[in-house]
Every structure is written in C-alpha cells, then in structure tokens.
Amino acid sequence: MKERKKQGLAVILIFILLFSIPLLFLFTKKEEYSTSERRVLKELPKLSFTTIKKGEFGRDMEEYFLDHFPFREGFRTLKAAVSTGIFGTKTENGLYEKEGYLVKMEYPIHQEMIEYAVNKFENIYESFLKEKGSQCYFAIIPDKNYFLADKYNMLSIDYEEFYRFFQEEISWAEHIDLREVLTLEDYYKTDTHWRQERLEKVAFLLGEKMGADTKAVYKKKKIEMPFYGVYAGQWSLPVEGETMYYLTNSVIEDCKVTSIEGKKNREQKIYHEEKFTGKDPYDLFLSGPQAIQIIENSRATSKKELIVFRDSFASSLIPLFVKDYAKITLLDIRYVQSNILDHYVEFKGQDILFLYSSFILNQAKALR
C-alpha cells in the first residue's frame, strides 16, 4: 500500500511538472536582454511559408524556447556544475578556468578572417593615409589564452604564426609588440579586457615607439561596486566580483570628448561612472562602443594629433595618451563604413595607430 502511494505521488508530481512548465512559459514575462550573458535574447520568430520551407522557423523556435525557458538561470548553473564537477568537462560555453581567470578559448586561426582584416586595413592606408605623410603603427593585444593555453594544454591559436602574418602583410606600418610588457595579471579575471590601472607600461612602450610623452601622474580611483565581466555570466557558475579602478588627473578631466553620430555631435566624458551600472560596466571608459570619438586637450604638451583605429580595448588605454596630443580621433570601423571615413575626419599627416585585440582580428568580418 505504501509503495502504491509513493508511485501515485510520483505520478502526480510528474503530471504537475509537465503542465506547470508550459503554463509558466506562456504567462511569465519574456525578457529582452540577458544581463548575465550580456546579449539580446531571441525574439518570437514570425511564421511564414518561406521560414518553414527553409527550416528556419523550427530552429528559431527552439532557440526562442531555450532563451525563455522558466528558471533558465538556475538550470544553466546546474548544467555547468554537473559538466565541470561530475563529468570533468574542461570548458563551459567555450570558456575555461585556470589560476582564477576565466578564459575564452580561441582556436584555430581563421585564415579568411585575418586576410579580410589585412585587406581592410590596406584599403584604409591606400585611400586615406599613403599620400598624407602619416607615420603608421600597428599593435596586437593578445588575449588571456596567450599566457595560459600552453601551460595547461588548452587549444589556442599559434600566436607566433598569427603575429608573423600581420607583420609580413602589413609592411607599411611599424609593428609594436605589446607582449614585451603584458602579463596575465594585467587582465580582469572575469572579463576579456585589460585593467587600466596596469596600463601605464603599455602606454609608455607605445609612446616611446611613436615619439610621444605619455609619462604622467595619476589619481587611482576605485569603483565601490564589484565588477563582474562578460565571462562571469557566460561561465554560469558563481564567481567572485573584482575591483575596478580608473586613472585620472586634471588634464584628463579637462579634456573635451565628442561623439559623432551621423550628422549629430554629442558631448561625452572620458570616464562615465553612471555607465558602470549599465549593461556593460566596462562602458565606464569613454561611454562604451562608439563609431567616432574625438578627444581634445587644450593643455597638451604639443600640437600633435593621433588617429586610432581600434576596438573596445582602446577605451581604457587612450586616456593615458592625452598629455602629449592636442587631438585624438578614435575610429571603430565595426560601427562606421571605412570607405566614407573622410566624410567625418580630415586626414592630414597625423600619427596613426591600429590597435586591435587578437580576438577581433581572428573574427574580422565585424569590421566594415
């Protein structure tokens, strides 16, 4: 009798589970954005004959259900705990954890992507820089894999081959190897980016090669709230928050920052603390991704100008360059067509720095 009661209770629980989950799915609010994963969640796909014929509707519906499944965050954590703790899986969502650092596995070298990047930069050089007398520099920012992959036998790109390719193909620029001064500790543990408070040596190396004086005295300011990088949510398992700092002084604070958006100009700040509580705390630096930004320093020690072709890593580094440049123009060609740059920028022999992370170069189709 007791056994039958147990079986009956199990059937009831299964019945409740089977019917409650669909009901929860139907009536719970659907979020548009995952804060933990830093990405937009899948929208309900539109039903049409074309999407059904191509098989797109079924695939999109599956992704929609997975993105909005009830208690999704809890299930993600449980899955990660089982995979890494019980089955000994080395990676979770393409990440691995070593020495307290979460690292995105980047492998292999995507030859068509890096060739695309070279062609894109070559076109920019030929179209806007070659005849203007600009001195061009090129620097690659290695990802955390560079410091950990070989040590722990994890898959990664061949960095020597990667660097050699760009050095050989981009012969019109002087290459500056940042690996000379970078260490693993210069990066956030839960994010892809580097820590600004450790970048004075990077700014000094670049400045020395480019003939710019980057030595300055800074105040180190602490953000009181803990920082959780983009990998913290993707990892799914609990991680400790980090402390974020930024470097400032009176020169930086007096700079004028302008963002150019189409025909509109918008005034900004080098550091925007309110952005720390937004979707991406790293947006503290120069307000996050921008197509075109201009930093003007009326107190510069020279009249020199600098143009930086960049990704998000430059947001925290470039404030350390303002001392010696009267004007710095930041161009992110992920957000503006590179063939119309002269509509917004007058190229007239400025110093030119191409500064890109190995991640972006190996996924270069994001460049426009």
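The values are calculated or read from the model by the stated rules, or taken from the named source; none is laboratory data. The model shown is predicted, which means the values in this text are computed figures rather than measured ones. Reconstructed Cβ throughout: ideal geometry from the backbone, glycine too, with neighbour counts over all protein chains shown.
Brief remarks follow.
- Figure legend. Inter-residue proximity from the range 238-267: first residues within 19 Å of E224 (Cα to Cα), second residues aliphatic (A, V, I, L, M), beta-carbon distance below 6 Å, spacing 6+ or different chains. Indicated pairs: V239/A232; M244/I223.
- Only listed residue being in contact (Cβ under 8 Å) with a residue 12 or more places away in the chain, in contact with a Leu (Cβ under 6 Å, 6 or more places away or on another chain) and assigned by TED's automatic domain parsing to the domain that holds A232, chosen from K120, K130, K144: K120
- Within the range 115-229, helices (runs of 4 or more DSSP H) holding 2 or more residues that are within 23 Å of E97 (Cβ to Cβ): 145-148
- One residue stands out among those in the range 241-265 that are out of contact with any helix residue (DSSP H, G or I) (no Cβ under 7 Å at 6 or more places or on another chain) and either among the aliphatic types (A, V, I, L, M) or not assigned by TED's automatic domain parsing to the domain that holds Y325 (or both): the one that is surrounded by the most Cβ atoms within 10 Å (Cβ to Cβ), which is V257.
- Cβ separations smaller than 6 Å between residues 6+ apart or across chains give no pair from the range 175-194 residues that are at pLDDT below 95 to residues that are surrounded by 19 or more Cβ atoms within 10 Å (Cβ to Cβ).
- Of all residues in the range 117-136 being among the hydrophobic types (A, V, I, L, M, F, W, C) and under 21 Å from E168 (Cβ atoms), the one that is surrounded by the most Cβ atoms within 10 Å (Cβ to Cβ): F121
- Test: residue in the range 299-309 that is under 21 Å from I124 (Cα atoms), among the aromatic types (F, W, Y) and buried (at least 20 other Cβ atoms within 10 Å of the Cβ): yes
- A search for C-beta distances below 8 Å between a residue of the range 336-352 that is surrounded by 10 or more Cβ atoms within 10 Å (Cβ to Cβ) and any residue that is assigned to a loop (DSSP other than H, G, I, E, B) and of a type in the set (K, R), counting only pairs 6+ apart in sequence or on different chains, returns V336/R368; Q337/R368; S338/R368; Q350/K304; D351/K304.
- Count of the range 196-206 residues, restricted to those that are without any contact (Cβ under 8 Å) to a residue 60 or more places away in the chain and in contact with a strand residue (DSSP E or B) (Cβ under 7 Å, 6 or more places away or on another chain), is 1.
- The selection criterion, being modelled with pLDDT of 95 or more and within 18 Å of the chain's Cα centre (by Cα), holds for V308.
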